[in-house]
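The next block holds one structure in the form of structure tokens; read it before the comments.
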Amino acid sequence: MDFEAITKYSKLHAKPLGLSLHYGTAGFRSKAENLNHIMFRMGLLAVLRSKKTKSTIGVMVTASHNPEEDNGVKLIDPSGEMLAPAWEEHATFLANAEEPQLYCVLTDICQREAVDLQSEAFIVIGRDTRPSGKELSQSVIDGISVLGGQYQDYGLVTTPQLHYMVRCHNTHGSYGTPTVEGYYQKLSKAFLELSMQAAPQRDGRGALKIDCANGIGALKLKEMEQYLSESFVMCLANDGMKGKLNHMCGADFVKVHQKPPVGLEMNPGEKCCSLDGDADRIVYYYIDAPGHFHLLDGDKIATLISTFLKELLIKAGQTLSFAVIQTAYANGSSTGYLEQTMKVPVHCAKTGVKHLHHKAQEFDIGIYFEANGHGTVLFSKAAEDKIRYQAKEEKDIRKREAAKMLENTIDLINQTVGDALSDMLVIEAILALKNFTIAQWDALYMDLPNRQLKVKVTDRRVITTTDAERRAITPPGLQEEIDQLTQKFKLARAFVRPSGTEDIVRVYAEADSQEDADKLAHEVSLAVYHLAGGFEEPPKAV
Ligand code: G16
């Protein structure tokens, strides 16, 4: 490593003295003006990770659901997964080194990880549509170049598209062609083959209104549209021509506020969905005839996909282990339905797709979705091989057809990470095959009323949790207070956790009526405010 070059270029991307940022739930996130040095240093780290793994590594510049003035960055590991936890620690360490220590920290990482500096490095880069993205990507490139790494800049892509590129590069094309066209071709082929057997869609039930959160999703859906059949009618709203990214729209807004986004006109029964800013999450919704809003979130998506896969596995006569992974935010009704009605094992992981992804890898088929709409399905290598073999060689036509549909589902799902575009096509294919309206899908089970709130505190790290974030360990007295409050309501549950993407504490509550869920969430927010160093005004009632 060239000490002089690193020192010289680092000064051009100088770290503000004393600024400390952490690799959180999905990488670094902060106001864009704080991130120049982080980007440069993540360029450096990506090169070391690439040398260490002798593989292509991804660097995605995005702050996903955060507001437009924020930005962020995350590294993507060789199989397209989130960065390994030990390297998240290196990332934080490197990000917070003051200028004179930077070289030492780099050397230390190289020694600890036994990085062979003579190895080659190849990095792929992508960014979402934030105004700050281009300049910050250039800082990443500067970091890569100073360590002699090679790179390919994909420019504007969805986060899941970059995850896909990384996997394609490292599997030498067997996962797919590492281009956006390759991505569209792979998904559209699987989608068209899968939905081929669906009855023609009557009454416009195939049409879908999509709120693109004024983000990258709009651009990419317009590109993908030509690869899909004319029978799939998409109508895009919030396509970034007028509105601000994630502002009063997008999957996070719709999920948290449980109401439609601005900029999307809804008529009763119409199927609608929202993506988030970098198109890695999706939620569906509709209004019924009296005008009530119904949300179909990640839990409902997991249930729909589980039902579909379970039916196909039975038809194909395959006995593969199968589980659903959720987080503490999963609605109690969804867990009950999966376990008791569908007889599917359910596991709870900490928030962050990286945690769910690893748990899902323990099964032949692991379906993971966060309630916020972030998720996918993983098929083990053995399961995939069995299904592909059966799709080709099975003599029984019915079984072979079921195996063929499972094979198409494998190809349609982005197995690297939650992907709004891929998830949307999976959902659309299933609804068409089952000839389900969105209301019929919604009727699988009834959600328990729930509420999510945010509380501002001086230092959110005073809250630590256990039991997959369902119980607070610190500050003292907080969990006892939550337990007492919860006891006052029927079918109630509540928890709090520090966000890993925003400077706030998240509060979740559910109960048997909306009024009680709102009340409980508010009372728990007040407990957080008083016991965990709340500032500004105390939280107001919902
Ligand atoms: C990211 C993560 C998700 C997580 C979400 C919220 O989503 O990828 O797994 O659920 O942040 O995390 P937290 O509650 O810690 O702020 P996205 O869509 O912003 O990348």
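The values are calculated or read from the model by the stated rules, or taken from the named source; none is laboratory data. What you are looking at is a predicted structure, and each value in this text was computed from that prediction instead of being measured. Note that each Cβ is placed from the backbone with ideal geometry, even for glycine, and that neighbours are counted across all protein chains shown. Remember, those area values only see protein heavy atoms, side chains included, never the ligands or the DNA or RNA. Shrake-Rupley method; radii C 1.70, N 1.55, O 1.52, S 1.80 Å.
Before moving on, here are some points about what is shown:
- Any hit, region 382-402, residues being open to solvent by 10 Å² or more (accessible area, probe 1.4 Å) and within 16 Å of the ligand (Cβ to nearest atom): no
- Among (1) farther than 15 Å from Asp153 by Cα; (2) in contact with a helix residue (DSSP H, G or I) (Cβ under 9 Å, 6 or more places away or on another chain), the one test that Glu89 misses: (2)
- Positions within region 472-517 being open to solvent by 50 Å² or more (accessible area, probe 1.4 Å) and either among the small types (Gly, Ala, Ser) or closer than 27 Å to Ser64 by Cα (or both), in sequence order: Asp503
- Test: Gly173 is at pLDDT below 95 and open to solvent by less than 50 Å² (accessible area, probe 1.4 Å): yes
- With respect to (1) on the phi < 0 side of the Ramachandran plot; (2) free of Cβ contacts under 8 Å to residues at least 24 places away in the same chain, the lone exception for Ile287 is condition (2).
- Matching residues, region 338-380, being part of a helix (DSSP H, G or I) and open to solvent by less than 40 Å² (accessible area, probe 1.4 Å): Leu338, Val353, Lys354, Leu356, His357, Ala360
- Test for Asp153: is it more than 30 Å from Leu12 (Cα to Cα) and in contact (Cβ under 8 Å) with a residue 12 or more places away in the chain: no
- Glu81 vs. criteria within 16 Å of the ligand (Cβ to nearest atom) and in contact with a His (Cβ under 8 Å, 6 or more places away or on another chain): yes
- Residue within region 103-114 that is away from the ligand (no atom under 15 Å from the Cβ), part of a loop (DSSP other than H, G, I, E, B) and surrounded by fewer than 21 Cβ atoms within 10 Å (Cβ to Cβ) present: yes
- Filtering Gly126, Gly182 for residues that are open to solvent by less than 40 Å² (accessible area, probe 1.4 Å) and touching a Cys at 6+ places or on another chain (Cβ under 8 Å) leaves a single hit, Gly182.
- Residue within region 312-327 that is buried (at least 22 other Cβ atoms within 10 Å of the Cβ), in a helix (DSSP H, G or I) and in contact (Cβ under 8 Å) with a residue 40 or more places away in the chain present: yes
- Taking region 162-196 as the range and being part of a helix (DSSP H, G or I) and more than 23 Å from Val233 (Cβ to Cβ) as the test, the residues that pass are Leu162, His163, Tyr164, Met165, Val166, Arg167, Cys168, His169, Asn170, Gly182.
- Test: residue in region 409-416 that is surrounded by fewer than 23 Cβ atoms within 10 Å (Cβ to Cβ), out of contact with any Cys (no Cβ under 9 Å at 6 or more places or on another chain) and within 25 Å of Ser20 (Cβ to Cβ): no
- Extreme residue, farthest from the ligand (Cβ to nearest atom), among residues of region 1-39 that are open to solvent by 60 Å² or more (accessible area, probe 1.4 Å) and of a type in the set (D, E, K, R): Glu4
- Of the candidates Met424, Met405, the single residue that is modelled with pLDDT of 95 or more, under 30 Å from Met165 (Cβ atoms) and open to solvent by 10 Å² or more (accessible area, probe 1.4 Å) is Met405.
- Residue list for region 481-500, restricted to those being more than 20 Å from Asp459 (Cα to Cα) and within 16 Å of the ligand (Cβ to nearest atom): Ala494
- Leu245 under 25 Å from Cys168 (Cα atoms), out of contact with any helix residue (DSSP H, G or I) (no Cβ under 7 Å at 6 or more places or on another chain) and touching a residue at least 40 places away in the same chain (Cβ under 8 Å): no
- Taking residues in region 58-76 that are closer than 10 Å to Ile125 by Cα and touching a residue at least 60 places away in the same chain (Cβ under 8 Å), and partners anywhere that are of a type in the set (Gly, Ala, Ser) and near the ligand (Cβ under 10 Å from one of its atoms), the pairs with Cβ atoms closer than 9 Å and at least 6 places apart or on different chains are Met60/Gly27; Met60/Gly72; Val61/Gly72.
- Residues that are basic (Lys, Arg) and touching a strand residue (DSSP E or B) at 6+ places or on another chain (Cβ under 8 Å), drawn from region 234-284: Lys255, Lys259, Lys271, Arg281
- Here Thr92 clears all of (1) of a type outside the set (A, V, I, L, M, F, W, C); (2) outside any helix (DSSP H, G or I); (3) touching a His at 6+ places or on another chain (Cβ under 9 Å); (4) within 16 Å of the ligand (Cβ to nearest atom) except the condition numbered (2).
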